[in-house]
């Protein structure tokens with residue numbers, strides 16, 4: 001009887017030790033995040049070109065894709081072998097901005113939302129997100145939401161929402 005009790009205690013200790021000392025999973029949600037992320041609202045063509053060239057420089061692999069999901073939006077995204085990425089949303093209004101029109105750009109990842117607001121002063125809205133994916137992480141899902149508001153009636157709404165996943169091999173929408 002004593003032998004069974006001692007064996008049970010040893011097995012319990014071994015199991016507990018293994019559970020607490022085992023390395024964390026690579027897919028652990030807490031370890032899966034981006035860092036050094038910067039969002040540029042109102043980025044110029046030169047800013048975009050500069051970021052894409054910096055991403056391509058000294059990379060053994062580089063993936064660049066461009067899509068036009070609707071008549072207003074052009075999405076460009078790129079990622080390299082070091083899991084650095086650039087995600088660009090260009091929204092063409094196809095009209096002049098209203099007098100008091102404001103634009104809100106919200107983006108999110110596993111760590112939460114960030115938001116910015118600025119006065120719309122041109123027919124083109126550009127939001128560029130850059131950053132790096134944690135090396136222990138296989139993929140990271142992110143979201144972006146661009147919308148407008150104005151005093152009085154909002155005759156021509158802007159409401160664009162997109163979700164994308166950053167991976168080593170590319171960005172998938």
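Details
- Whether the stretch 65-122 is rounded, prolate or oblate, judged on the alpha carbon gyration tensor where a/c under 1.5 counts as rounded: oblate
- FRET E, pair residue 123, residue 35, Förster distance 35 Å, beta-carbon r, rounded to 0.05: 0.55
- Each of 95, 106 has some number of other Cβ atoms within 10 Å of its Cβ, and from fewest to most they run 95, 106.
- Cβ-to-Cβ counts within 10 Å put 130, 76, 165 in ascending order as 165, 76, 130, the fewest first.
- Note on residue 82/residue 50: beta-carbon distance plugged into 1/(1 + (r/R0)^6) with R0 of 25 Å gives a FRET efficiency of 0.90.
- Simple spin-label estimate for residue 138 and residue 172 gives 1.0 nm between the two label positions (7 Å along the Cα-to-Cβ direction from each Cα).
- Full-stretch length increase - residue 70, residue 6 - with 0.36 nm per residue and alpha-carbon distance subtracted: 16.1 nm
- Residue order, fewest to most beta carbons within 10 Å, for 102, 1, 128: 1, 102, 128
- Taking label points 7 Å from Cα along the Cα-to-Cβ direction, residue 59 and residue 102 give a separation of 3.6 nm.
- In the stretch 27-172, one over the average inverse separation of all distinct C-alpha pairs is 16.0 Å, which is the Kirkwood hydrodynamic radius.
Each value in this text was obtained by applying a stated rule to the coordinates, not by laboratory testing. Predicted, not measured: the structure shown is a model, and the values here were computed from it. Note: ideal-geometry Cβ built from the backbone for every residue, glycine included; neighbour counts use all protein chains shown.
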